Each structure stands twice: as C-alpha cells, then as structure tokens.
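**Q** I'd like to ask some things about the structure below.
The values are calculated or read from the model by the stated rules, or taken from the named source; none is laboratory data. Note that this is a predicted model, so its numbers are computed, not measured. Every residue, glycine among them, receives a Cβ derived from its backbone with ideal geometry; neighbour counts consider all protein chains shown.
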Ligand SMILES: Nc1nc2c(ncn2[C@@H]2O[C@H](COP(=O)(O)OP(=O)(O)O)[C@@H](O)[C@H]2O)c(=O)[nH]1
Ligand SMILES: [Mg+2]
C-alpha cells in the first residue's frame, strides 16, 4: 500500500471512530500516524519535483510586518491591495485574475507593512487543487492573515481556515506550552503542571512512540489536546492571528448586512473596497492588530530622536532591535540603557533579553 492509500485508510478510521474516553488513546495514535505519513508524503513530493516546496512563489519579507490576503476567488483581494498599498494588482470580474503573488507596501503611522495578494483559495487548495500548495505556502510568512469574505459568501471562513491548517499554519492559536526533551534512558516521563482534561498521559506516551521517542521528558504547562502535542513534535507549525473583513457591502442594504453579521459568531470589519468605504478604518485596525511599538533611539550622551522612532513588533527584545539595526551590534553589545515603561527607573541598564514597551527610549553601549 502506498502512502496516499495509508493516509486515506487512517482518515476513514478516524471518521468512523466515536470520540469518547475509551477511544481517546486510539484516536491520538491514529492522528499521530496520519501526520507522520503526511510529512513523508510531502518530503517525497518535494524530492520528486526537484524543487523547493515554495519554488517560484518565495517572496522576500520586507518592511516591519507582513500581511497576507486570503480569500475565495473574486471577493476583492486585489482591489483591497490596490486601495491600501502602492501596488497595482490586476482586478477582474472573473476568477483567478491573480495568478502569482503580488506584493504591495502600505505605509501607515511610520510603519511599513508588506501586503501580499495571493490567488484565490478554493477548497482542496492545500492538496493541490487550483494553484495549490506552493502558492498557499507563502501565507506561512504572515505576521497577520487577512481573511476577505464577500457579502454573498459570508460562510467561507471555515474552508479557508482548513486550507491554512493543512499547510501547517495554526490561525489564531498560540504555540502550545509543552517542552519535549529527548533523554538517553529512563523511558518517557510526562510531567503535567496543570490538570489535563483533553489528553491522558498514556496517550502522550503513545503519540511520542509513533515518532520514535522512547526516552524523553515531557513538560506540559497548559491543558493541551492530541493535535497540539503532534504539532509540537512535528515542529514546523507557524502561528499567526487572523483579521476578517466583509467586502462588497455596497451590494446589500443595511438590514441585510446586519443579518449577515449577526449570523457570524466573530467580528468582521464591513468594507466596500472598490469605492473606499471604511478603508481608513480598515488601515487603522490593520495597524492596531499588528501590535507595533515605537522605540526612540538616543545615542550615548546625545539627544533622543523623537522624530523617527524605530517601529518594531510588540514583544521585541533589545537583542531583536540589535538584529534589525545592524548585524554587528549584537556582537559588540555591552549593555543598553532604557527610559520608559519597561523599566523601574530611567536609564536602567538592561541586557539583550529585555522586552521593550511602546515609547521606550533606548541607548546602546558597545564594547
Ligand atoms: N460592488 C463591489 N465590487 C467589488 C468590490 N471590491 C471588488 N469588487 C469587484 O469584484 C471583482 C473581483 O475583484 P478582485 O479584486 O479582482 O477580486 P480577487 O479575485 O479576490 O482579487 C471585480 O470586478 C471588482 O471590481 C466592492 O467593494 N464592491
Ligand atoms: Mg486577485
């Protein structure tokens, strides 16, 4: 039996199996086997094609953050790109007008945001339907995934999310708080620091054994499920938040729009990209969701530059700032001084791992 048949067989068994306490362990193992086979299949496909997995569609990340536009064909992605960036992406009333990835740059409040317009996704894209996997893989570089829905097709989000999950993106999830360390001897020990309600320790051990971990220490710090454990073991998952807009609201009356929004159990920003309705609000919300912070640089013994702050993502450390400024800075780094909310007193000395806050003032002291 070939790999695709094996995957199919396992998927059928998963579909047949009722989810309950008695089957939890078995299901965990099935999912682990499926994920392992999928990885093998992917490796073979890449080898057979003789190219990288994202050949021809690799897009260099530029700017302070990258946003990827995702949606069904003809929902208005290219129109949005053209409205908010300097790009000129082809707009068309027919499907698949955009055949490659079109990048644009949106400059807003001093931040440079790279926006990538992807060809429309259809169900099964991750399995190679339509333009398929190679194009979709570009979404893996996203700091934020912008989901575009059409007022006449407002229920498309689950299909899009499923396709993203298939290529290893975990939309709106955080990396699970689990550490798996291989050890030389001693079998598998599972230490849970919180009560586990979705997975049993035996299942953790079973799943690890599918991946050949027979000696390991597993530290679980949150109430995870089997899928999350498999994600951690595979290690190639990317985690990104999503932001959803509902486009073409000019096509329906306010009452119908209210009804459409009521049916969706999550927030959407109503938009009419073509005529520009809500575009300013859209840019603002996009900027907010990227959670930028401003860092003002002060040369040692000099004046703070309040005019041109450094724009970085929230969560950035002094070390991250070194990397964005100059490669050599990290090696020459002695210490930094910070004034602002992230420190207890102005001018406090900090190291590379210090996390910065919005509007901190930063001085580097080098060797
Ligand atoms: N009525 C209306 N039409 C729109 C709007 N945005 C885009 N369109 C039209 O929808 C069609 C598809 O747009 P396009 O940007 O190419 O969609 P894409 O395939 O998602 O990139 C084009 O004919 C656009 O003119 C909008 O806000 N309102
Ligand atoms: Mg397009």
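**Q** For residue 123, all conditions in the list (1) at pLDDT 90 or above; (2) under 23 Å from residue 244 (Cβ atoms); (3) more than 12 Å from ligand 1 (Cβ to nearest atom) hold save one; what is the number of the exception?
**A** (1)
**Q** All but one of (1) assigned to a loop (DSSP other than H, G, I, E, B); (2) free of Cβ contacts under 8 Å to residues at least 60 places away in the same chain hold for residue 174, so report the exception by its number.
**A** Only one criterion in (1) assigned to a loop (DSSP other than H, G, I, E, B); (2) free of Cβ contacts under 8 Å to residues at least 60 places away in the same chain is unmet by residue 174, namely (2).
**Q** Applying the selection to region 74-92, what residues are within 14 Å of residue 149 (Cβ to Cβ) and near ligand 1 (Cβ under 6 Å from one of its atoms)?
**A** 74, 75, 76, 77, 79
**Q** Only one of 43, 22 is out of contact with any strand residue (DSSP E or B) (no Cβ under 7 Å at 6 or more places or on another chain) and exposed (fewer than 11 other Cβ atoms within 10 Å of the Cβ); which?
**A** After applying the criteria, what remains is 22.
**Q** Could you pull out the residue among 303, 274, 262, 281 that is within 16 Å of ligand 2 (Cβ to nearest atom) and surrounded by fewer than 18 Cβ atoms within 10 Å (Cβ to Cβ)?
**A** So the residue among 303, 274, 262, 281 that is within 16 Å of ligand 2 (Cβ to nearest atom) and surrounded by fewer than 18 Cβ atoms within 10 Å (Cβ to Cβ) is 274.
**Q** Identify the single condition in (1) assigned to a loop (DSSP other than H, G, I, E, B); (2) touching a helix residue (DSSP H, G or I) at 6+ places or on another chain (Cβ under 6 Å) that residue 257 does not satisfy, given that it satisfies every other one.
**A** All conditions pass for residue 257, except number (1).
**Q** All but one of (1) modelled with pLDDT of 95 or more; (2) within 30 Å of residue 241 (Cα to Cα) hold for residue 344, so report the exception by its number.
**A** Residue 344 satisfies every listed condition except (2).
**Q** Now for a different question. Just one of (1) under 30 Å from residue 114 (Cβ atoms); (2) without any contact (Cβ under 8 Å) to a residue 40 or more places away in the chain; (3) crowded, with 17+ Cβ neighbours inside 10 Å trips up residue 156, so point out which.
**A** (2)
**Q** Turning to a different aspect of this structure: If I go through region 278-315 residue by residue, how many of them are within 16 Å of ligand 1 (Cβ to nearest atom) and touching a strand residue (DSSP E or B) at 6+ places or on another chain (Cβ under 8 Å)?
**A** Matching residues across region 278-315 total 4.
**Q** While we're here: Under 8 Å by Cβ, and 6 or more places apart or on different chains, what pairs join a residue from region 70-87 that is farther than 14 Å from residue 286 by Cα and at pLDDT 90 or above with one that is part of a helix (DSSP H, G or I) and within 9 Å of ligand 2 (Cβ to nearest atom)?
**A** Taking only residues 6 or more apart or on different chains, the pairs are 70/77; 71/77.
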